[in-house]
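The values are calculated or read from the model by the stated rules, or taken from the named source; none is laboratory data. For clarity, every value in this text was computed on a predicted model and none was experimentally measured. Heads up, the Cβs are rebuilt from the backbone with ideal geometry, glycines too, and the neighbour counts pull from every protein chain shown. These area figures cover heavy atoms from the full protein model, side chains too; ligands, DNA and RNA do not enter into them. Shrake-Rupley method; radii C 1.70, N 1.55, O 1.52, S 1.80 Å.
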Amino acid sequence: MATPDSSAYEASTSTGARDHYRVGKSDVQWLEQQTRTLRATDHQSGGGVCVSSLLRLIDQVQPMLSATSTDLVEEQLRVAVADLYNLAGWACFDIGRASRARVYFAQALALAAHARHNGLTANVFYRLGRICLHHKDPAEALHYFQLGLRTTIGDNDQRAASILTVNQAWAHAAMGTDTAALRQLQERQELLARAESNQVPGWESFFTQIDLRATSGVVHTELARGVAARYAHIAIPALTEAIGGYGDDMARSRAFCFIALATSHLLVGDHAPGVHAGLQALSCAENLTSVRVRDRMHPLHQVARRNSAHTCVRELTVLLAKKISQTTQPPLATKSRDTRVHVGLKRWHA
């Protein structure tokens, strides 16, 4: 996928008059388009493919924040730059740079709060929670999801509320509280059904009915691992449907589904379909620059090892171990020099 073309903005700011540059609506639209392109690259190929472009773009747009503009354009610009930081944080998280990700998410929060944009603020909290969930701290993840829900106060925020609610279900499942997890899953279905489908912002565009089915499958897989294997029988059809619904543009999400599907099959003794799904997950991972995909294979590897008396599962176990042992992180080619919009996260815990 092509990387953003920065020639338009560079041409308008290369005359040595950056301090006097006036930001207009077209500049904001240009930035929004670059972010859309890079977000699509992230979904399709992983954060490692787009993270360097994101960090270069962050450096490039810094003069826009101090340029002259109307009040309306300034507000739109802050939202656009906040979304850029939000995506940069997500890409860093995807390549295993959680500390750097938190810095960018903090910057996104500062800008989104300044623009009084509840939906984007909620989305950043969702992504901060996902870092905690990935690193085995579901209680802290739940805290961030609850902070995000506090900002979803209107009808326009129902999709954001649904995202946060389903991830609360995931956190509860990781803690082994199946009653709470199942209740949250039911609530998010109702919220998404009421959400407006028109003009979905880019940071929420991933959350469709297909993604909802995928997350439901992942939650039930988590419950099957930690509470009772019977939940795998609910996870399997949900994950199978999601895999069929995802296209190549959501390759990473499809890989996650194959990992969960393989885990669920093996948990209930379906060795042949479990191995098939596991091999599909490994195949998908070959085309993704994503440390998260590799990390999510750890639980599958553990379940496969417990079933390694079966020859086909034993072979899958060996392949998973080889993939998990790959520890190389994609380099960060550039480092954002911005210090003007950094803000700590502590104030959000009040």
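Structure summary
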quantity: Residue match in segment 65-80 (condition: within 23 Å of Gly129 (Cα to Cα) and open to solvent by less than 30 Å² (accessible area, probe 1.4 Å)); calculated: yes
quantity: Qualifying residue in segment 208-224 (condition: in contact (Cβ under 8 Å) with a residue 24 or more places away in the chain, of a type in the set (Asp, Glu) and either open to solvent by less than 60 Å² (accessible area, probe 1.4 Å) or under 29 Å from Gly176 (Cβ atoms) (or both)); calculated: yes
quantity: Selection within segment 87-104 - touching a Leu at 6+ places or on another chain (Cβ under 8 Å), surrounded by fewer than 24 Cβ atoms within 10 Å (Cβ to Cβ) and either closer than 24 Å to Leu65 by Cα or without any contact (Cβ under 8 Å) to a residue 40 or more places away in the chain (or both); calculated: Arg100, Arg102
quantity: Some residue of segment 296-310 being in a helix (DSSP H, G or I), out of contact with any Ser or Thr (no Cβ under 8 Å at 6 or more places or on another chain) and crowded, with 22+ Cβ neighbours inside 10 Å; calculated: yes
quantity: Residue in segment 37-64 that is modelled with the lowest pLDDT, counting only those that are open to solvent by 20 Å² or more (accessible area, probe 1.4 Å) and more than 22 Å from the chain's Cα centre (by Cα); calculated: Pro63
quantity: Considering residues of segment 106-122 that are crowded, with 24+ Cβ neighbours inside 10 Å and free of Cβ contacts under 8 Å to residues at least 60 places away in the same chain only, the residue nearest to Arg150 (Cα to Cα); calculated: Ala122
quantity: Every residue from segment 244-268 that is open to solvent by 20 Å² or more (accessible area, probe 1.4 Å), assigned to a helix (DSSP H, G or I) and more than 19 Å from Ser290 (Cα to Cα); calculated: Gly244, Gly245, His265, Leu267
quantity: Checking Val200 against (1) of a type outside the set (Lys, Arg); (2) open to solvent by 10 Å² or more (accessible area, probe 1.4 Å); (3) in a loop (DSSP other than H, G, I, E, B); (4) in contact with a helix residue (DSSP H, G or I) (Cβ under 6 Å, 6 or more places away or on another chain), the condition it does not meet; calculated: (4)
quantity: Filter pass, Thr317 being farther than 26 Å from Ala173 by Cα, surrounded by 18 or more Cβ atoms within 10 Å (Cβ to Cβ), at pLDDT 95 or above and of a type outside the set (A, V, I, L, M); calculated: no
quantity: Unique match (being touching a residue at least 60 places away in the same chain (Cβ under 8 Å) and either touching a Phe, Trp or Tyr at 6+ places or on another chain (Cβ under 7 Å) or closer than 29 Å to Val227 by Cα (or both)) among His134, His172; calculated: His134
